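Comments concern the structure below.
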Amino acid sequence: MDATRDKILEQITEVLVDALGVDEDEVLPEATLMEDLGAESIDFLDIVFRLEKAFDIKIEREELFPVETLMNDPALVQDNVLTDEGLALLKEKMGHSDITEFEKDPNVNRLGDLFTVNAVVNFVETRLR
C-alpha cells in the first residue's frame, strides 16, 4: 500500500471520528487523543482495532500506546516520574512521538500529551513502509 501522509491522516481521522464520536474538524494533527478528543483508556483498544482494519496491519499490544508496561515496573517509574531507564524505554517504544518536551518534566500524568493524532500518523506511516 503506497499511501501518502495526507491519505493516512484522512483514514486516521475517519477512525477517530468513528471511535470517539468527535467531529472531523476536531481531529487536527496536534490534537491529543485524551485531552483534546476525549479518549479514555478503553477507547485505545477500539482505536487500535480500527487502525488494524483500516490499514491492514497488525499492532501488538502496547506497541502504539505503551503505558501499561511503563506503569507496572517500579524500576521505570518512581514518585510518578519516569526514571532514566523509563525514558529510554519510552523513546525506544514511541519513536513515532516527539518526546522532547515530555523529557523536561517526565511526570507520568503527562504521558497522554504524547498520544497525538500526528503520533498515530507517524506510527502508521512507518508501519506501511
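With at positive phi and out of contact with any Leu (no Cβ under 8 Å at 6 or more places or on another chain) as the only criterion, which of Glu62, Glu68, Glu10 stands out? Walk me through how you get there before you give the answer.
Working: Glu68 fails: at positive phi; Glu10 fails: at positive phi.
Among Glu62, Glu68, Glu10, only Glu62 is at positive phi and out of contact with any Leu (no Cβ under 8 Å at 6 or more places or on another chain).
Within the bounds of the range 80-92, is there any residue that is under 30 Å from Thr13 (Cβ atoms) and part of a loop (DSSP other than H, G, I, E, B)? No, that holds for no residue.
Cβ separations smaller than 6 Å between residues 6+ apart or across chains give the following pairs from the range 44-66 residues that are closer than 15 Å to Val117 by Cβ and without any contact (Cβ under 8 Å) to a residue 24 or more places away in the chain to residues that are among the β-branched types (Val, Ile, Thr) and surrounded by 14 or more Cβ atoms within 10 Å (Cβ to Cβ): Val48/Ile59. So is Val81 β-branched (Val, Ile, Thr) and within 16 Å of Leu114 (Cβ to Cβ) or not? Judged against the criteria, Val81 is a match.
So is Val17 over 15 Å from the mean Cα position of the chain (by Cα), of a type in the set (A, V, I, L, M), at pLDDT 95 or above and part of a helix (DSSP H, G or I) or not? I'd like the intermediate steps shown before the answer.
Working: over 15 Å from the mean Cα position of the chain (by Cα): yes; of a type in the set (A, V, I, L, M): yes; at pLDDT 95 or above: yes; part of a helix (DSSP H, G or I): yes.
It is true that Val17 is over 15 Å from the mean Cα position of the chain (by Cα), of a type in the set (A, V, I, L, M), at pLDDT 95 or above and part of a helix (DSSP H, G or I).
Restricting the range 48-79 to residues that are assigned to a loop (DSSP other than H, G, I, E, B), under 14 Å from the mean Cα position of the chain (by Cα) and not β-branched (Val, Ile, Thr), which is farthest from Arg110 (Cα to Cα)?
As a first pass, look at the range 48-79 and keep what is assigned to a loop (DSSP other than H, G, I, E, B): 56-66, 72-76, 79.
If we keep only those that are under 14 Å from the mean Cα position of the chain (by Cα) as well, we get 59-66.
Next, only the ones that are not β-branched (Val, Ile, Thr) stay: 60-66.
On the way: Glu60: 23, Arg61: 21, Glu62: 17, Glu63: 18, Leu64: 16, Phe65: 13, Pro66: 14 Å.
Applying the filter and picking the extreme gives Glu60.
Which residues, taken from the range 93-129, are outside any helix (DSSP H, G or I), of a type outside the set (D, E, K, R) and either within 11 Å of the chain's Cα centre (by Cα) or at pLDDT 95 or above (or both)? Met94, Gly95, His96, Ser97, Pro106, Asn107, Phe115, Thr116 - these are the residues of the range 93-129 that are outside any helix (DSSP H, G or I), of a type outside the set (D, E, K, R) and either within 11 Å of the chain's Cα centre (by Cα) or at pLDDT 95 or above (or both).
Residue-by-condition table, conditions (1) closer than 18 Å to Leu90 by Cα; (2) surrounded by 17 or more Cβ atoms within 10 Å (Cβ to Cβ); (3) in contact with a His (Cβ under 7 Å, 6 or more places away or on another chain):
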site	(1), (2), (3)
Glu14	no, no, no
Asp23	no, no, no
Val27	no, yes, no
Glu35	no, no, no
Arg50	no, yes, no
Ile59	yes, yes, no
Phe65	yes, yes, no
Met71	yes, no, no
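The values are calculated or read from the model by the stated rules, or taken from the named source; none is laboratory data. Computed from a predicted structure; not experimentally measured. Note that we place each Cβ from the backbone using ideal geometry, even for glycine, and neighbour counts take in every protein chain shown.
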